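What follows is a single structure, written as structure tokens, with notes after it.
The values are calculated or read from the model by the stated rules, or taken from the named source; none is laboratory data. Here the structure is a predicted model, which is why all the values come from computation and not from measurement. When we count neighbours, we look across all protein chains shown, and the Cβ atoms used for this are built from the backbone with ideal geometry, even at glycine.
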There are 2 protein chains.
Amino acid sequence: MSHSKAFQLKLYVFFNVIELLNTRELQPLARLHENQSTHTCTHLHTDMAKTSENHQCMDDLKAERERCSFNKHEITTLLDGGEDKTKQRRKIEKVFLSDPEFLDATRPEYLSHEDRYANELRKACHMIRKFNEDEEIQQLVGQMDGIRTLMGSGLGVALTKDGNPLALHFIMFMPSIMGQGTVEQQGEWMGRAWSGEIIGTYAQTELGHGTFLRGLETTATYDPSTEEFVLHSPTITSTKWWPGGLGKTANYAVVMAQLYTRGRCHGPHPFIVQLRDEETHQSLPGVTLGEIGPRLGMNTNDNGFLCFSHHRIPRTHLLMKHSQVLQDGTYVRPANDKLAYGTMVFVRVAICFDTYRQLQRAVTIATRYSAIRRQSELVPGQPEPQILEYQTQQYKILPLIATVFGIHFAAQSVWQTYNDVTGSIHDGNLDLLPELHTLSCGLKALSSSDAANGVETCRLSCGGHGYLASSNLPRIYTTTTAAITYEGENTVMWLQVARYLIKSFREARQGHRLHHSVSYLTPRPASTHALQTNLSNAALVEAFRVAVSHLVGEVAARLQGQCDSGMVFEHAWNACSVQLARCAQVHIRYFTCEEFLSGVEKAEVSEATRGVLMRLCRLYLVFHIIGNQGDFLRSGALTPSDMTTLEEELATLLAALRPDAVSLVDSFDIHDRILDSTLGCWDGNVYERMFEEAKKSPLNQKDVPDAYYKYLRPLMKASL
Amino acid sequence: MSHSKAFQLKLYVFFNVIELLNTRELQPLARLHENQSTHTCTHLHTDMAKTSENHQCMDDLKAERERCSFNKHEITTLLDGGEDKTKQRRKIEKVFLSDPEFLDATRPEYLSHEDRYANELRKACHMIRKFNEDEEIQQLVGQMDGIRTLMGSGLGVALTKDGNPLALHFIMFMPSIMGQGTVEQQGEWMGRAWSGEIIGTYAQTELGHGTFLRGLETTATYDPSTEEFVLHSPTITSTKWWPGGLGKTANYAVVMAQLYTRGRCHGPHPFIVQLRDEETHQSLPGVTLGEIGPRLGMNTNDNGFLCFSHHRIPRTHLLMKHSQVLQDGTYVRPANDKLAYGTMVFVRVAICFDTYRQLQRAVTIATRYSAIRRQSELVPGQPEPQILEYQTQQYKILPLIATVFGIHFAAQSVWQTYNDVTGSIHDGNLDLLPELHTLSCGLKALSSSDAANGVETCRLSCGGHGYLASSNLPRIYTTTTAAITYEGENTVMWLQVARYLIKSFREARQGHRLHHSVSYLTPRPASTHALQTNLSNAALVEAFRVAVSHLVGEVAARLQGQCDSGMVFEHAWNACSVQLARCAQVHIRYFTCEEFLSGVEKAEVSEATRGVLMRLCRLYLVFHIIGNQGDFLRSGALTPSDMTTLEEELATLLAALRPDAVSLVDSFDIHDRILDSTLGCWDGNVYERMFEEAKKSPLNQKDVPDAYYKYLRPLMKASL
């Protein structure tokens, strides 16, 4: 097994497994009736009619599952990428889920900040040890075809999980050395990193500098007299801030710093920097390290700060695959600056897969709970219906099930293109890179914002109980929303997409041939802009084309007008940027609709399964056309009466998909332990699970809390 | 001072003060340079050019403040409700902020669940004691005009603050006794509750029952032989679930239960129930109590569960102001069922005030930080601009400043109407109640969702740092989003508004005269539907009228069509409910636009101040018309070319308001301690404050964490 291949495989296991950490075993049903000995619960439920009530919940799900109109397993394997991938995923899940070391003694929310970190570190270390020692796992991993499977199976979730302090070691430290180090440097560092002998992270963003890489302030100045780089943080804003694992865990980091040699700055470059003593783990002189404090989520991944005071490292610690600094200080520039694009495409597509998996979890929870929860009256005097019967509830949930597939097919397509062109990129053919880069930026932004908004919609659709930690929806949200900001803040991403759109639009006007994803911007004879005569899928996709072309044309004209009236291009760009960002959003939505449709058409599934997928695809199209109706009406792509027709069709689609809702989320095949939700578990025994979780609160271990004696009693007795 | 008046005044203090709890003292600038003795920071910043950098941040805000085009103080007093109100608010803030007992030793996020609760209980108890003992506060409160001031000053924030376990005692327990108890019952309970001798809460929602009151399962069955009610929880889903303070703090509760007497159920009624022994605080036999476990936010307000096993209470514990049960079990029904509406209106308007105050905080933080943060290049080669220079950033923030005023004026108007009609309601004139009830439902839904989305937009507009707890944006969000669900879930609220709209629409068609807020639904001659010839404020408001009339008309026709084709009304209603909810949203938006405009026109301010308010109002109108453009285009209220004009105007408005942005949020006059944000503090010294906050993390008190020795070292040394 090659170094690189083995590394990918190890990554695969790591990422799959991170997903399982932090998940705690939900109390099995059988154990519910024991363990009622805590004083608060001694007389609890003694005469409650609970059996019949539980049965109702479970019967509700059973009835839902019996209505299924399609083959669930076909969808599971479609999303996994094949029958064998599904089997392997389940096997690996089984290996790790059966290991009691990965269980938590208590919910992390009950612990202090320090104890939460320690508990997460415990599991992270066990995972590495387990892999190093366990041949079964190594063998399982050997059957995988590496990075492709990894993408579809968990890298993304790993990137954003609530807090593995070793995650960045695998996600960023080792890949940076592999991608940017020379063969010698890989040999020097990879073995040690692999075994866990050294733990690294990746330190790029600074207190005052995020998305704009060129603004970094940390300097690495070459001193030829000692053949060393001197790392320094000249201002408080130059402090490295945010890297996971940096605060207390890592003893090494790949640090991005402005490279100075012979008095000239050559921009940001990556350096391997030792941060802590390998024997004592104490931070080295000249290195200031710490944790940045609590966050909305991801509180155990040890995000840290770092500053240098004239800290010296050997010249050979500059990662020199692309650029080099020779002993005498000569700077050798890279053959091609654009190769780094490839890594960014990779990471951004990974985020799409990640966010859609988070959305899968959330919508699984919301859908199952909506089939169990009963509320109000649809018809006076009749029993309370499942809330999934309400059209407003269907409207919250079903488009999100469709979104899962939309992101899946679009990301899959970009991923496929990436693989197809990787070869030609390395051969120096960079023609396809800008388009690929644009699609990955746009899809990262679309998927992260759709997923974060979708998760929140799911949480709110569960009413008050969605606010409970035991639903797991709060954590899924706090994790997913972070993806809006990291690896390229979404507004910045949209404006990059817009830049490509405007450039393509102008090139088309000059007679250039455009790449596939923007070829619709090529001017066409007016007749093709005629109104649709029907509302078929093809017609709706065409309507999208007309709408987005019109949008791009309008903003391009406005931009040009401002430039013509004497505005500097950059200021004109800024003055149009709200509209530019909207163009980008509609463009990527259009791309996703097209890929969704062609993905369903090409899927190797039975006609029944294609039927439900096609209904979802149609819902996705109709939902987003109604949501952006102004663009369609203003461009003449659709008429007001088309819109009324589509609104009526939306109602029909919701009703048609409702019977398959539970089966659709079942087909996502998410293990109860990975779902980790009292509201979403497979058996539907929601209320007993909520009660069981609540009973575990440390505050419930005593009837009268200690704080009563200290604070409440003196107050209550003061007036007596 | 009357009992009722004194009660209101006490509430005022309580709610103002809750807002100040949980806020910790931000490290004063002067102390930043001391206290660098922790090992990790010994050599920190020794040679950083930090002074100039700090000055830049502070100079940035200074320059912003110098550009102010209006009179800030006028806006402060406008929002407070008058000069004297501003003075009193500041005085009370001062009294409480100068009390060191309200400071926290550490961020709550660092503590365990139990310790967080204890810390919050400590401050809550101190607050009551302070009021009971401090004449100055009692006197300050004596100058207030009670409930009106309370509404504009903090009740809402109190309702949603991250966790005061005594909040429900004041917000719900005492008001329930005042509103639903007889004079004798008030006499029996209010004195004891007031002094803190007993602590109560309000227990309504159950594990399986939220918004739908009639679905409650807890029973209170009258036993005439002992003149007692027997409270019982017949199923697991009947467990009371969520009430704040119920888990460990309260020893009494007002419990809503289905009243049975003489074998008949009379629906849910309120009962005063003792839960814990007054001497030992132990839960009583037949009462099971506990805490429900961790949540997305509000983790210290002790949300609890409660179930009864045939628990007996005296007959006289039924709150009997409206309904009564006589000794022999005779049920006496209330004179009028609708009186309870008044309380609901009150609470929902309170939520509007509350949510707009949360949004004020968030947008203050985001605006100030956007004037300090510098990033990227607008024009290549030039220094990094303040991010507030980017149009996309202005587009995130400025409409939210406008939203604060929009909610303020609309809520103020409903509040005024409520006060105007309260008298006539008590005289038995209930004509105005349905309209008032509808407006309060709709405005609660609009303001809570606008505020929650707005807070999240603010958080995301601060990039990664908005994700840090020290920005305070995470907590503001987790608190604000809860308002979407409690006191009437928003989707349910929208459908109530829709019901009133459809009813009014039908009445108008039958020639009935409609109430003011829906009078636009009265059929008009076709000519008034003609297209606007200009885009004045009045014309835009009129366009709103046309758009919403058209929407209501369309859905009413669809509803009627489905009924005509044989569908039961309730099913037809459900099948149209997505569109019905949208009608309601646009109707309430229209109402808010109208009130915003007339509020600005009537405000007693200088012309310069009215100028900036008018620009904000215009931005609000234009922003929401563009956001709902489909409704305007389809109804013919506006043309595609109008829309293009409005989009250009939007860009102009953003540019025009940008120079006043910082001064506008300054005029909200939020004390740094109440803001509690490293990113939003008055002096703009953002980065040093972030660093100081981070240094306080318990993990930073040791260079090498204990968990290293336990977990990491064995792993790192295993391969050696």
**Request:** Return a yes/no flag: does region B:302-313 have any residue that is surrounded by 22 or more Cβ atoms within 10 Å (Cβ to Cβ) and over 29 Å from A:GLU109 (Cβ atoms).
**Result:** yes
Note on region B:82-116: residues within 14 Å of chain A (Cβ to nearest Cβ) and free of Cβ contacts under 8 Å to residues at least 24 places away in the same chain are B:ALA105, B:LEU111, B:SER112, B:GLU114, B:ASP115
Of A:LEU495, A:LEU430, A:LEU468, the only residue that is of a type outside the set (Val, Ile, Thr), in contact (Cβ under 8 Å) with a residue 24 or more places away in the chain and in contact with a strand residue (DSSP E or B) (Cβ under 7 Å, 6 or more places away or on another chain) is A:LEU468
Among (1) at the interface with another protein chain (Cβ under 7 Å from one of its Cβ atoms); (2) in contact (Cβ under 8 Å) with a residue 24 or more places away in the chain, A:LEU712 falls short only on (2)
Within region B:376-413, restricting to residues that are aromatic (Phe, Trp, Tyr) and either part of a loop (DSSP other than H, G, I, E, B) or within 11 Å of another protein chain (Cβ to nearest Cβ) (or both), the one that is nearest to the chain's Cα centre (by Cα) is B:TYR395
Those residues of region A:269-318 which are over 34 Å from the mean Cα position of the chain (by Cα) and aliphatic (A, V, I, L, M) amount to A:LEU284, A:ILE313
Apart from one, (1) at pLDDT 70 or above; (2) assigned to a helix (DSSP H, G or I); (3) surrounded by 24 or more Cβ atoms within 10 Å (Cβ to Cβ) all hold for B:GLN186; the odd one out is (3)
Within region B:563-592, the residues that are crowded, with 18+ Cβ neighbours inside 10 Å, within 14 Å of chain A (Cβ to nearest Cβ) and of a type in the set (S, T, N, Q) are B:ASN574, B:SER577, B:GLN579, B:GLN585
Taking region A:203-235 and the residues there that are under 16 Å from A:HIS310 (Cβ atoms) and among the aliphatic types (A, V, I, L, M), the one that is surrounded by the most Cβ atoms within 10 Å (Cβ to Cβ) would be A:ALA220
Apart from one, (1) more than 8 Å from chain B (Cβ to nearest Cβ); (2) within 16 Å of A:LEU473 (Cα to Cα) all hold for A:GLU693; the odd one out is (1)
Residue hits (region A:202-235; outside any loop (DSSP other than H, G, I, E, B) and touching a residue at least 60 places away in the same chain (Cβ under 8 Å)) are A:ALA203, A:ALA220, A:TYR222, A:ASP223, A:GLU228, A:PHE229, A:VAL230, A:LEU231, A:HIS232
Filtering region B:477-492 down to residues that are in contact with an Asp or Glu (Cβ under 9 Å, 6 or more places away or on another chain) and part of a helix (DSSP H, G or I) yields B:TYR477, B:THR478, B:THR479, B:THR480, B:THR481
Taking region A:268-278 and keeping only residues that are under 15 Å from A:LYS240 (Cβ atoms) and not in a strand (DSSP E or B), one is left with A:LEU275
Checked A:THR639, A:THR645 against criteria (within 10 Å of chain B (Cβ to nearest Cβ) and at negative phi); the one match is A:THR639
Note on region A:171-213: residues under 15 Å from B:LEU715 (Cα atoms) and more than 10 Å from every other protein chain (Cβ to nearest Cβ) are A:ALA193, A:GLY200
If you go through B:SER517, B:SER549, the only one that is over 29 Å from the mean Cα position of the chain (by Cα) and either on the phi > 0 side of the Ramachandran plot or polar (S, T, N, Q) (or both) is B:SER549
Reported set for region A:215-237 where residues are more than 8 Å from every other protein chain (Cβ to nearest Cβ) and under 28 Å from the mean Cα position of the chain (by Cα) is A:LEU216
Residues of region A:279-322 being hydroxyl-bearing (Ser, Thr, Tyr) and in a helix (DSSP H, G or I), in sequence order, are A:THR316
Within region A:696-709, of all residues that are part of a loop (DSSP other than H, G, I, E, B) and more than 7 Å from every other protein chain (Cβ to nearest Cβ), the one nearest to B:ASN119 (Cα to Cα) is A:LYS702
Filtering region A:617-642 down to residues that are of a type in the set (A, V, I, L, M, F, W, C) and either within 19 Å of A:THR392 (Cβ to Cβ) or surrounded by fewer than 19 Cβ atoms within 10 Å (Cβ to Cβ) (or both) yields A:LEU619, A:VAL622, A:PHE623, A:ILE626
Exactly one of B:LEU439, B:LEU495 is within 14 Å of chain A (Cβ to nearest Cβ) and either of a type in the set (Lys, Arg) or outside any loop (DSSP other than H, G, I, E, B) (or both), and that residue is B:LEU495
